[in-house]
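Reviewing the structure listed below.
The values are calculated or read from the model by the stated rules, or taken from the named source; none is laboratory data. Note that the structure is a prediction, hence the values are computed from the model and not measured. Glycine also receives a Cβ, built like all others from the backbone with ideal geometry; neighbour counts cover every protein chain displayed. These area figures cover heavy atoms from the full protein model, side chains too; ligands, DNA and RNA do not enter into them. Shrake-Rupley method; radii C 1.70, N 1.55, O 1.52, S 1.80 Å.
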Amino acid sequence: MFEFESIVFYFFAFLTLSAALGVILVSNPIYAALFLVLAFVASAGIWLLLYAEFLAMVLVLVYVGAVMVLFLFVLMMLDINIDTLREGFWRYLPFAVIIAVLFAAEIILVLTNPKFTSVVGDASAALTDDNTRALGSVLYTEYLYPFELASVLLLVAIVAAVALTLRRRINTRYINPATQVQTKPTDRVRLVSVTKESPLQFSSPSNDKKGKTSCPD
Amino acid sequence: MIIDAWVTELLLPFLGDYAAWAGTFIDLMIKIVAIVLPLMLCVAYLTYAERRVIGAIQLRIGPNRVGAKGLLQPIADALKLLLKEVIIPAEGNRFLFVIAPAISLLAALIAWSVIPFSPEVVLADINAGLLFVLAATSLGVYGVIIAGWASNSKYAFIGCLRSAAQIVSYEIAMGFALVTVLMASGSLNLSAIVNAQAGATFLSWFWLPLLPMFVVYFISGVAETNRAPFDVAEGESEIVAGFHVEYGGMAFAIFFLAEYANMILISALTTLLFLGGWLPPFDFAPFNWVPGAVWFIFKICFLLFCFLWFRATFPRYRYDQIMHLGWKIFIPLTIIWLIVVGLWMRTPLWLW
């Protein structure tokens, strides 16, 4: 009899691998991005099996909920011609094969290293209790400086990205909502008192004995 | 758990070792149905309430013909939508077009698994409940994006782009507001957050120390659910019906259900995080006789009424105003209040 966990694990592992294959095999970039989303969700499931609930939730929250949404946002607006992307496939193939072999060799070297397995064993053993709290207490005490350094680096990256892409267009009209809200009726409407000239004689229909309409057009 | 044991015993001769699984599975299914079925009923009657309330605000009558006082109107509407044809655009993407409403509804329902209705009454009492809710609600945007793209229509596409930008923007302010809640309560578990608000009166709930966050969270919630005045993703006066313009019949109805389920979810979360969940407003005689779930539902109803009230009161925001409010007002405000709460909690003046 299978363990329930192993069935769930194989389900998520199959989903992750097939979605990851989908990312690189489909020709439509939107499908590729959606497959990547599926791969993220499935790997979040695997992390949940390892009791790493914080990592799993943050993966879904940050990568699926924000990063991939922006990715899709950009991809959907780009006018991507798949034929031009395929040009020069045979010319670049040798380089691609060399890089692929290099990556494969690196992965095999890491995975066959006996040190690697022992590290994984220790990590999953430490993650069994309330690891969100544990992660927070370690991150803000022991690893405070690396953590702050990483956040400052990210901030610099944000500032740089904004500085590179920000352009002020001259002829756009911008309305400040604060001034818009502060307007008073007197700024918009000027009430003018008009001097009356000979007032019209109105009479109600019941008093109208002559049968004439009392209002001129 | 009683059902669990009973089913296991019943199935033991047929399934052997797998009977325990089947027992757990059936037990879970029953609990899920016990949450989803009343929720769907609430959604149906929320549409009725919306039409009646907005009708009253606008000095109209609203639906009053089907059943007594129009009470069968939602059922008539559902039947009508069931019988209508689902049209799939010829040049659109068939598969994505069909699963988009399902994703929308899934994201609206999945977060209910961690919502505590009263003490101990919760499907999954996980210790990172708040994170789970945040992650689950962030999936909802995919329904809108995929629908807009798969429809192969310009209006739907503009609606989906607007919605994507808006939801991503407001999620940041929402996340920061939640950070202050978990600072004040010291837990990510939703039951523990409610228990941290326990006290003699409603003044011990988190809405008071976190008042700006309460406002930011609720307004961001209105923006996240694409409700008026943030409904530019639908924008019926400019882009027809936005992302669901190509949908008809049941496919449209599922989007509709998802929107209303999301409204109820945001109201439930606001209640749990800021308005003390199932806690009574005064912890003495007549008030604490009322069961907790009743107070919980009462508070949700009040917030839902606010949703409807906003819709009838405010004109739709212009798109640049939405972005201005989200990025330049809410996010700085939440960051400042984060620091204020952090400093406040270190002083003896913190009473919560």
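Looking across region B:50-82 at every residue that is touching a residue at least 60 places away in the same chain (Cβ under 8 Å) and part of a helix (DSSP H, G or I), the one that is farthest from B:V36 (Cα to Cα) is identified as B:I57. When the residues of region A:129-157 are filtered to those that are among the small types (G, A, S) and surrounded by 11 or more Cβ atoms within 10 Å (Cβ to Cβ), which remaining residue is farthest from the chain's Cα centre (by Cα)? Result: A:A134. With the condition kept exactly as written, say whether any residue in region B:234-257 is assigned to a helix (DSSP H, G or I), aromatic (F, W, Y) and within 14 Å of chain A (Cβ to nearest Cβ). Yes, the conditions are met somewhere in region B:234-257. Applying the condition of being closer than 29 Å to A:A134 by Cα and either free of Cβ contacts under 8 Å to residues at least 24 places away in the same chain or touching a Cys at 6+ places or on another chain (Cβ under 9 Å) (or both) to region B:144-186 and asking which residue is least open to solvent (accessible area, probe 1.4 Å) yields B:S185.
Screening B:N288 with (1) open to solvent by 20 Å² or more (accessible area, probe 1.4 Å); (2) within 17 Å of B:S163 (Cβ to Cβ); (3) not in a loop (DSSP other than H, G, I, E, B) gives one miss only, at (2).
Criterion applied to A:E87, A:E3 was being more than 30 Å from B:F176 (Cβ to Cβ), acidic (D, E) and within 12 Å of another protein chain (Cβ to nearest Cβ), and the one residue passing it is A:E3.
Those residues that are part of a helix (DSSP H, G or I) and over 16 Å from B:Y260 (Cβ atoms), I need them from region B:224-233; list them, please. Show your work before the answer.
Going through region B:224-233, the residues part of a helix (DSSP H, G or I) turn out to be B:224, B:231-233.
Scanning region B:224-233 gives a single hit, B:V232.
Counting only residues that are at the interface with chain A (Cβ under 7 Å from one of its Cβ atoms) and outside any loop (DSSP other than H, G, I, E, B), region B:125-141 holds 6 of them. Report yes if some residue within region B:76-95 is within 14 Å of chain A (Cβ to nearest Cβ) and modelled with pLDDT of 85 or more; otherwise report no. For region B:76-95, residues within 14 Å of chain A (Cβ to nearest Cβ) and modelled with pLDDT of 85 or more: present.
Scanning region B:142-154 for residues that are within 9 Å of another protein chain (Cβ to nearest Cβ) and under 14 Å from B:I167 (Cβ atoms) gives B:Y142, B:I145, B:I146, B:G148.
Would you point out which residue out of A:Y51, A:Y63 is open to solvent by 80 Å² or more (accessible area, probe 1.4 Å) and assigned to a helix (DSSP H, G or I)? Give the steps one after another, and end with the answer.
On the way: A:Y51 fails: assigned to a helix (DSSP H, G or I).
Going through A:Y51, A:Y63 in turn, just one is open to solvent by 80 Å² or more (accessible area, probe 1.4 Å) and assigned to a helix (DSSP H, G or I): A:Y63.
Looking only at region A:42-57, which residues are more than 7 Å from chain B (Cβ to nearest Cβ) and of a type outside the set (S, T, N, Q)? Steps first, answer last, please.
Pass one, region A:42-57, residues more than 7 Å from chain B (Cβ to nearest Cβ): A:42-52, A:55-56.
Selection gives A:A42, A:A44, A:G45, A:I46, A:W47, A:L48, A:L49, A:L50, A:Y51, A:A52, A:L55, A:A56.
Only one entry in B:K299, B:K328 is assigned to a helix (DSSP H, G or I) and either on the phi > 0 side of the Ramachandran plot or open to solvent by 40 Å² or more (accessible area, probe 1.4 Å) (or both), namely B:K328.
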